[in-house]
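Any read-out appearing in this document is the output of simple, stated calculations on the displayed coordinates, not a laboratory observation. None of the values given here were measured: they were computed from a predicted structure. Neighbour counts run over all protein chains shown; Cβ positions are idealised from the backbone, glycine included.
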Amino acid sequence: MRRYSPRLLEWLPKSELRSAFVNKGRMGAYNADIPIWVVTAPWTGLLGAAEALHNEEVF
């Protein structure tokens, strides 16, 4: 089951997403060191929510 578009993976390196993310004024230098990842694993959000339920620091 594929939940992402393969076209997204082709488009992303050509897009202006990275430059728009970095060019945020005074936050630009900070943002420049933050990687942008495409998560392709299924159910990532649900797995994170399930883990949070068992983490005492979340509640």
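Loop-only GluC sites (Glu not before Pro) in the chain, please: DSSP not H, G, I, E or B, and at most 16 other Cβ atoms within 10 Å.
Values: sites: GLU10, GLU16, GLU51, GLU56, GLU57; in loops: GLU16, GLU56, GLU57.
For GluC sites (Glu not before Pro) across the chain that sit outside H, G, I, E and B with at most 16 neighbouring Cβ atoms in 10 Å, the list reads GLU16, GLU56, GLU57.
Extension gain for VAL58 to SER19 (0.36 nm times residue separation, less C-alpha to C-alpha distance): 10.7 nm. Shape annotation for the stretch 6-53: C-alpha extents along the principal axes are 37, 28, 12 Å, from largest to smallest. Computed from label points 7 Å out along Cα-Cβ, the spacing between ALA49 and LEU9 is 2.6 nm.
This ranking places TRP11, TRP37 by how few other beta-carbon atoms lie within 10 Å of each, fewest first, which gives TRP37, TRP11.
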